[in-house]
Amino acid sequence: MEKTTLINKWMLFNEKHSSIWTQIVLITLGISATVTDWMVGIFSLSDFLFGFIAACLIISGNYWIKKKQFGWILLLLGVIAVNILMNYFNNDLFVLKTGIAAFIKVAYYAFFVAGVYNFIKKNALEALLLKTLNIVAIVICMIGIYITIALYLDGKLPYEFFWKLTRTDETSYLYDGIENIFRTRSIFSEPSYLGYYLNIMLGLNYFNKKNVIINKYINLLITLTIILTFSYSAIAVMLGIQAMHFIRLKTIKKIKVNGFLIICLLAVVILTVLAWDIIQVTIIDRTAAILSGADNSTRGRLWESWQYVNRKHLFMGNGIGHTPSIWNIYAYILSDVGLGAFLLFCLFSVYVLMTNFKMGILFILLNFQKGGYLSPEFWIFILLLLIYMGNNVGLFNKNKINFQSRKICLKQFEE
């Protein structure tokens, strides 16, 4: 009976302080989306924060998996397990240790995504989460602008401490080696990675189906920071997001000439005039290089990423975790895990398109902007996509596999 009393006390404590647990989980999730490039040994800091979030959910009795979710996760892991076995017996270049490590990673991320998704949905935390994510995004933008100013001031302001766990080399922030053009990367390892993160935020702000309205000045700050990355792919995706958001008859009719619009237009004109030389180098010349086929980055994303596809073993691929780093996630999956997994991922992309067309377009574009389906940022994007694309995607039903240890223990002690 004493144990039952202790469990009851713990349940009451959790219920009384549920808002504290919620804040801890949401803030940590927001931070984990920004430190994906901070490495501690071979792991990203985000990997450790995922574990911390999962521990908070388990301790507070807020972690569980639905039966249908469990089935989808088993299907995913089953496809990977079969692929590992096929490569182990038929591919001399396959390294079993690498495959098992990748399998564990996918399992870890999948159970994390399912648990956090259920917690957010059950407690109707979509609006609070998105606002928390935007607060973190504002901080990241301000840090990025501060670091860029510090670089232009030639080290008169301290900034190196932001990069203790990531890159510090000049190639990570200089535009194509040009000494007087600094690219904003904030606490990310590359400007394009910052752009990837901010494009996710901008897309969520515009296209979420939860009727969460984010202040237009926040979206403006995010947009300007993306421009300051001078990442062609990030700016291109951002322009696509803005086009999908604004180029609608209803939206155009609602546009009114007010102080905010005039300030925005004047700011665009002034910045264009002042930064024309930079625009010439980073946008106009880059566009010409892309159109002529001379741009290596674009070739890598659209064509060269497919060179690692194993045509002799198209169905089983090279083995999970065995393809070199490439930008295109579709090519990554086909190269690594083969045709079956590739088709499943394509079907998922189509499903997202059918559920939320604009979010689906964003998902596809971002899968070409940044590769790495075994990276934490990809799984954070998957989590946010499932939460905000406007459908419970069949994951939230009455039947569940209950991992809430407090309820299991109570039932045992009561009997």
Where a residue in segment 361-381 is under 20 Å from residue 337 (Cβ atoms) and its partner, wherever it lies, is open to solvent by less than 10 Å² (accessible area, probe 1.4 Å) and acidic (Asp, Glu), with Cβ under 9 Å and at least six apart | 373/336; 374/336
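If I filter segment 36-50 down to residues being under 19 Å from residue 110 (Cα atoms) and touching a residue at least 24 places away in the same chain (Cβ under 8 Å), which single residue comes out as most open to solvent (accessible area, probe 1.4 Å)?
Of all residues in segment 36-50, those under 19 Å from residue 110 (Cα atoms) come to 36, 43-50.
Among the residues that remain, those that are also touching a residue at least 24 places away in the same chain (Cβ under 8 Å) are: 36, 44-47, 50.
Values: 36: 10, 44: 6, 45: 45, 46: 0, 47: 17, 50: 1 Å².
The selected residue is 45.
Quick grid of which residues meet (1) modelled with pLDDT under 70; (2) surrounded by 20 or more Cβ atoms within 10 Å (Cβ to Cβ); (3) not hydrophobic (A, V, I, L, M, F, W, C):
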position	(1), (2), (3)
224	no, no, no
230	no, yes, no
234	no, yes, no
237	no, yes, no
259	yes, no, yes
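Only one of 108, 117 is open to solvent by 80 Å² or more (accessible area, probe 1.4 Å) and in a helix (DSSP H, G or I); which? Explain how you work it out, then say what you get.
Values: 117 fails: open to solvent by 80 Å² or more (accessible area, probe 1.4 Å).
None of the other options fit; the residue is 108.
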Considering only segment 73-84, how many residues are open to solvent by 30 Å² or more (accessible area, probe 1.4 Å) and within 12 Å of residue 113 (Cα to Cα)?
-> 0
Picked from segment 147-167 (must be out of contact with any helix residue (DSSP H, G or I) (no Cβ under 7 Å at 6 or more places or on another chain) and open to solvent by less than 70 Å² (accessible area, probe 1.4 Å)), the residue nearest to residue 182 (Cα to Cα) is 151
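Would you mind stating whether residue 88 is of a type outside the set (D, E, K, R) and buried (at least 19 other Cβ atoms within 10 Å of the Cβ)?
Values: of a type outside the set (D, E, K, R): yes; buried (at least 19 other Cβ atoms within 10 Å of the Cβ): no.
For residue 88, the condition - of a type outside the set (D, E, K, R) and buried (at least 19 other Cβ atoms within 10 Å of the Cβ) - is not met.
For the structure I just gave you, tell me whether residue 144 is open to solvent by less than 50 Å² (accessible area, probe 1.4 Å) and without any contact (Cβ under 8 Å) to a residue 12 or more places away in the chain. I'd like the intermediate steps shown before the answer.
Details: open to solvent by less than 50 Å² (accessible area, probe 1.4 Å): yes; without any contact (Cβ under 8 Å) to a residue 12 or more places away in the chain: no.
It is false that residue 144 is open to solvent by less than 50 Å² (accessible area, probe 1.4 Å) and without any contact (Cβ under 8 Å) to a residue 12 or more places away in the chain.
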Mind checking whether some residue in segment 121-129 is basic (Lys, Arg), in a helix (DSSP H, G or I) and in contact with a strand residue (DSSP E or B) (Cβ under 8 Å, 6 or more places away or on another chain)?
-> no
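I'm trying to understand the selection: among the residues of segment 153-193, which are part of a helix (DSSP H, G or I) and under 25 Å from residue 236 (Cα atoms)? Even if it seems obvious, please write down each step before you answer.
Step one: filter segment 153-193 for residues part of a helix (DSSP H, G or I), giving 160-163, 170-172, 191-193.
Correct list: 170, 171, 172, 191, 192, 193.
The values are calculated or read from the model by the stated rules, or taken from the named source; none is laboratory data. Please read all numbers here as calculations on a predicted model, not as lab measurements. Please note: Cβ atoms are built from the backbone with ideal geometry, for glycine as well, and neighbour counts cover all protein chains shown. Note: accessible area is taken over every heavy atom of the protein model, side chains too, but ligands, DNA and RNA are not part of it. Shrake-Rupley method; radii C 1.70, N 1.55, O 1.52, S 1.80 Å.
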